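Read the figures in this text as sums done on the coordinates, not as results from a lab. Predicted model, so just to flag it, every value in this text is computed and none were measured. Don't worry about glycine lacking a Cβ; one is built from the backbone with ideal geometry, like all the others, and counts go over all protein chains shown.
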Amino acid sequence: MKYYIVIPTYNEEQFIALTLQSLVDQTVLPTKVIVVNDNSTDRTPDIVLAFAEKHPWISLVTKTSSAIHLPGSKVIQAFQKGLESIDEDYDLIVKADSDLIFPSNYFETIISHFESDASIGMVGGFCYIEKNGEWILENLTDKDHIRGALKAYRKATFKQIGGLRAQMGWDTVDELLCKFYNWKVMTDESLHVKHLKPTGGNYNKTARYKQGEAFYTLGYGFTITAIASLKLAMRKGKPFLFIDYLIGFWKAKIANRPLLVTTEQAQFIRKYRLQKMKAKLFQ
């Protein structure tokens, strides 16, 4: 199976070479890697071009945007810029972050999962972060959820879900829509990916409100949002984030923000999330 990787990047001179080298070292190489330089002010583009000289399947695309980082919108806009430069001759499309080190068998294993079952629409491993000299699971989500840092999609799935939405919540709504369209989402606990820059460390209060807004635009409703907000805040070890998330939800509701999904999809999502919550309560 041919796979293309799109990597949005901004000021990642410290890590981008490690990410690209881990791709060069794959047992099954990607057909194309598109690195989207989103207005970097450091040596990121020079490092990517040095790799591209040695490996013709790596290329650099330049995008100009605001330096302000809000989770979701900026990174997916850069991803979409990268999509503009690829053809349709692929089987899998991958959105990857620029601060990852993939094990050498990562994509060989990912491909084997897709080939084993035609109903699998998404596959991913797990992010690990360094803490006190050890690499530990970056435990921000359930183990059946694929982190936004390393999403791999079957082409047909990617097309059916309408690609990725350029706002926070994109990396949840994609999986929920997979399930809506009866695609399977698979995670592989044997695939440990080193995440060199832990998620969300630099988010300001406005960005934290965006998480609550995302829960609203996913069609969760208040009850599911409250449960999901508390769970996420506790996982991050910052209980007071719960308040920020709820404020974001109500801000979005009062402003009547458009949903990321249709009414039918929102009904499916609420039913699915409630079923999962009930299943965990009665395990």
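Quick notes on this structure:
- Adding -39500 (n - 2.57) for every DSSP H run of four residues or longer, then dividing by how many residues the chain holds, sets the calculated 222 nm ellipticity at -13000 deg cm²/dmol.
- The Q80 and N105 beta-carbon pair, evaluated with R₀ = 45 Å, returns a calculated FRET efficiency of approximately 0.95.
- With contacts taken as Cα pairs under 8 Å and at least 6 residues apart, the chain reaches a relative contact order of 18 percent.
- Of the chymotrypsin sites (Phe, Trp or Tyr not before Pro) found in the stretch 227-283, the ones in coil according to DSSP and having at most 10 other Cβ atoms within 10 Å of their Cβ are F240, F282.
- Cα-based shape type of the stretch 64-145, given that a ≥ b ≥ c are square roots of the gyration tensor eigenvalues and the cut on a/c is 1.5: oblate
- Gain on full extension, evaluated as 0.36 nm per residue between D89 and T262 minus their Cα-Cα distance, stands at 59.3 nm.
- 0 to 90° range, to nearest 10: angle between helix 221-235 axis and the chain longest Cα axis: 60
- The stretch 20-161: C-alpha gyration tensor shape, a/c 1.5 cut-off, then a/b vs b/c: rounded
- 15 Å beta-carbon shell around P239, net charge (K/R +1, D/E -1): +4
- Anisotropy class of the stretch 205-281 from Cα gyration tensor, a/c 1.5 cut: oblate
- If you take the alpha carbon atoms of the chain and fit the smallest convex hull around them, that volume is 137 Å³ per residue.
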